[in-house]
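For reference, the structure is listed below as structure tokens.
The values are calculated or read from the model by the stated rules, or taken from the named source; none is laboratory data. Fair warning: this is a prediction, and the values are worked out from it, not measured in the lab. Note that each Cβ is placed from the backbone with ideal geometry, even for glycine, and that neighbours are counted across all protein chains shown.
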């Protein structure tokens, strides 16, 4: 649900959080992106960083450089404007990402088929059907949270998470897809694997995705996966820029 | 680990349980999923640096619980701060909060934990390590920063960024700046952002009960044990930013403190966030440490942080 009024609350003694709703949806995320743009443009005194997520924007500040009241008033006013206006996404890109949904690259495919009642062809068909939206990066460097996921593909988290996922694992749960940029622990169900890089320290972009991008997953064979993987050293290698810049 | 102008000063004979190079951290990249990392006790880190006249943000070695064994490759001065892990230079015991000198081939080692959890070792100019996104801190769980993106290993050579045998007067921190003895820690918190997702009795449990740091504790976070905190509306929230020091309460009702290498987003309710001025005490809380929480207002939290650092600023090296 989109709240009628933005909710502003402290998140500790160095951050304020503006929340616009309580669901993972484009409608709730739209004012989050609008507020990010407004705060970036205005750059209020004491702003140290902003973290946009599904339903909220967390604004970090340095209390030695700004008064809490001043910052809060400015945010309230900007949050009202963010809710009121339609945001034209500037620089929103559509990126085509190869994913292998076969064999060992998709260790949870059997579970997903069993749980959803779909065939693996249907699962892949749905997951590659249309562009998803990149709502946020989080958890670990470069990890995108992508959605909304079609209802038919919603699967529960694992009872006990894997201690090691595979780098590039594409995983789904209720309402979202993530891609694990490195072998971290993870509790979502792995539906496939991408050979492309998601995080690169010596690349000026640092991460393949930015919040607000769109992504279209494209099914590739195990053979094509290996071919792309052997070439994909840098961010954007093996990635198709379908639109945007 | 080697930069131009850096001077090899220490060889790692034994790495210890978890020793890593840390500075004041790498803020500004949480929107890309990059946690700050940095010293778990920034106050002690800065003390170790100021004892040597280093910049506050110079990188020091953060030594956790079971310390390393290090051989000096040349004569050098160094400073120790933070936890008392029974440091010794060859056979000579060294107290934290002071500057010492070593000759080539002397060995710095650590023994039983006497107080605290993390000791800091600084050298002139700070330790050399690649500057990545404005920091030399090791981000262990992401595999970058510090010494090759990892904790120390046997055979590593650590270098410093200034002449190691600097002419620095032996000095020690005054008693009131040293780490307090172990004991129950009162951590002050700003309530929320999801305190309204807990029942009244859940809030009372959180603020009225003793908790204990468990052994499932590291630079990402600490799991606490203690009375179960009751939710009123389930533990799940839409994934959102996790500030440093957030007290997250998942479904089993025991708090998890989110620390320097936490995941930058999370989907569990946060009942409160620890104030910045108390975060260094968290970094020094060993497993078994008792914890109580107390709510304060934000302006009070800001004042406490200012005051804490003013005490350190007032201290000057004897000239």
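Filter region A:139-154 down to the residues that are on the phi < 0 side of the Ramachandran plot, assigned to a loop (DSSP other than H, G, I, E, B) and crowded, with 22+ Cβ neighbours inside 10 Å and list them by number. Those that are on the phi < 0 side of the Ramachandran plot, assigned to a loop (DSSP other than H, G, I, E, B) and crowded, with 22+ Cβ neighbours inside 10 Å: A:140, A:141, A:143. Picking from residues in region B:124-150 that are within 19 Å of residue B:160 (Cβ to Cβ) and part of a strand (DSSP E or B), the one that is farthest from the other protein chains (Cβ to nearest Cβ) is B:127.
If you go through region B:239-255, how many residues are within 14 Å of chain A (Cβ to nearest Cβ) and buried (at least 21 other Cβ atoms within 10 Å of the Cβ)? Counting residues in region B:239-255 that are within 14 Å of chain A (Cβ to nearest Cβ) and buried (at least 21 other Cβ atoms within 10 Å of the Cβ) gives 10. Scanning region B:37-67 for residues that are touching a strand residue (DSSP E or B) at 6+ places or on another chain (Cβ under 8 Å) and within 19 Å of residue B:258 (Cβ to Cβ) returns B:37, B:38, B:39, B:40, B:41, B:62, B:64. Within region B:84-123, being under 16 Å from residue B:165 (Cα atoms) and surrounded by fewer than 14 Cβ atoms within 10 Å (Cβ to Cβ) holds for B:103, B:104, B:105. Every test in (1) touching a residue at least 12 places away in the same chain (Cβ under 8 Å); (2) more than 11 Å from chain B (Cβ to nearest Cβ); (3) more than 21 Å from the chain's Cα centre (by Cα); (4) in a helix (DSSP H, G or I) is passed by residue A:107 save one, and that test is (4).
Filter region A:9-28 down to the residues that are in contact (Cβ under 8 Å) with a residue 40 or more places away in the chain and either at the interface with chain B (Cβ under 10 Å from one of its Cβ atoms) or in a loop (DSSP other than H, G, I, E, B) (or both) and list them by number.
A:11, A:13, A:14, A:15, A:16, A:17, A:24, A:25
Could you go through region B:210-227 and let me know if any residue there is in a loop (DSSP other than H, G, I, E, B), within 14 Å of chain A (Cβ to nearest Cβ), over 26 Å from residue B:141 (Cβ atoms) and touching a helix residue (DSSP H, G or I) at 6+ places or on another chain (Cβ under 7 Å). No, region B:210-227 contains no residue that is in a loop (DSSP other than H, G, I, E, B), within 14 Å of chain A (Cβ to nearest Cβ), over 26 Å from residue B:141 (Cβ atoms) and touching a helix residue (DSSP H, G or I) at 6+ places or on another chain (Cβ under 7 Å).
Does residue A:192 satisfy the criteria of being touching a residue at least 40 places away in the same chain (Cβ under 8 Å) and in a loop (DSSP other than H, G, I, E, B)? The answer is no for residue A:192.
Here residue B:311 fulfils each of the conditions (1) under 24 Å from residue A:61 (Cα atoms); (2) away from chain A (no Cβ under 12 Å); (3) part of a strand (DSSP E or B) apart from (3).
Checking the structure you have, find out if any residue of region B:162-169 is outside any loop (DSSP other than H, G, I, E, B), surrounded by fewer than 20 Cβ atoms within 10 Å (Cβ to Cβ) and in contact (Cβ under 8 Å) with a residue 40 or more places away in the chain.
First, pick out the residues of region B:162-169 that are outside any loop (DSSP other than H, G, I, E, B): none.
No, the conditions are met nowhere in region B:162-169.
The residues listed here are B:48, B:58, B:104; of these, the one that is in a helix (DSSP H, G or I), away from chain A (no Cβ under 14 Å) and modelled with pLDDT of 95 or more is B:48.
Applying the criterion of at least 2 residues that are more than 22 Å from the chain's Cα centre (by Cα) and farther than 28 Å from residue B:137 by Cα to the strands (runs of 3 or more DSSP E) found wholly in region B:236-277 leaves B:236-241.
Can you tell me which residues in region A:1-37 are over 19 Å from residue B:242 (Cβ atoms), over 19 Å from the mean Cα position of the chain (by Cα) and buried (at least 19 other Cβ atoms within 10 Å of the Cβ)? Within region A:1-37, just A:6 meets the criteria.
The condition of being within 20 Å of residue B:266 (Cβ to Cβ) and free of Cβ contacts under 8 Å to residues at least 60 places away in the same chain holds for only one of A:161, A:148, that being A:161.
Of the residues making up region B:124-141, those that are out of contact with any strand residue (DSSP E or B) (no Cβ under 8 Å at 6 or more places or on another chain) and surrounded by fewer than 24 Cβ atoms within 10 Å (Cβ to Cβ) are B:130, B:131, B:133, B:134, B:141. Being more than 24 Å from residue B:239 (Cα to Cα), out of contact with any helix residue (DSSP H, G or I) (no Cβ under 6 Å at 6 or more places or on another chain) and at pLDDT 95 or above is not true of residue A:215.
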